[in-house]
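S.K.: Here's a structure for you.
A short reminder: the numbers here are calculations on the coordinates, not readings from a lab. The structure displayed is predicted, hence computed values, not measured ones.
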Amino acid sequence: MKQEEQDKGVLVALMQRFEHQRLPVMLRLRDQVDAGEILSETDVEYLQDLFQHTDQILPLIDKHPEYQHLATTAIGLYHHITEKGLENEKSRKN
């Protein structure tokens, strides 16, 4: 199997996982931190796992620029969740 065909298969699987598993959780976490709530230990572990997987996916995204906008948007959502979660945690301690 050609590398390009293999990459496309991996990208399809990643997109399905993102759409059906990762994105719904990220949107729930965004809504949670936007409402002023803090992240649970489980939420933080999930985000750490997500970040590690993102690190593995980026080389594939670099080879397929048609997915870069989606990746950038997802990373922006991750950043928002972590920043707002940290802000909520700090304000709760004060």
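S.K.: Find the relative contact order for the chain and round it to a whole percent, using C-alpha pairs within less than 8 Å whose residues are 6+ positions apart. Present the calculation step by step, with values, prior to reporting the outcome.
M.R.: Working: 31 pairs, mean separation 37.5, N = 94.
Reported relative contact order: 40 percent.
S.K.: Report ³J(HN,Hα) in whole Hz for each residue of segment 3-16, in order, from the Karplus equation J = 6.51 cos²θ - 1.76 cosθ + 1.60 where θ = phi - 60°; Gly and Pro get x.
M.R.: Going residue by residue, I get 4, 5, 5, 5, 4, 4, x, 5, 4, 4, 5, 5, 5, 5 Hz, with x marking Gly and Pro.
S.K.: Which one is right for this structure if Cα Rg over 2.2 N^0.38 Å is calculated from it: [x] 1.11; [y] 1.15; [z] 1.24?
M.R.: Recomputing Cα Rg over 2.2 N^0.38 Å here picks out [z].
S.K.: With angles folded into 0 to 90 degrees, how steeply does helix 41-63 sit against the dominant principal axis of the chain? Use alpha carbons for both and round to 10.
M.R.: Compared with the principal axis, the helix lies near 30 degrees.
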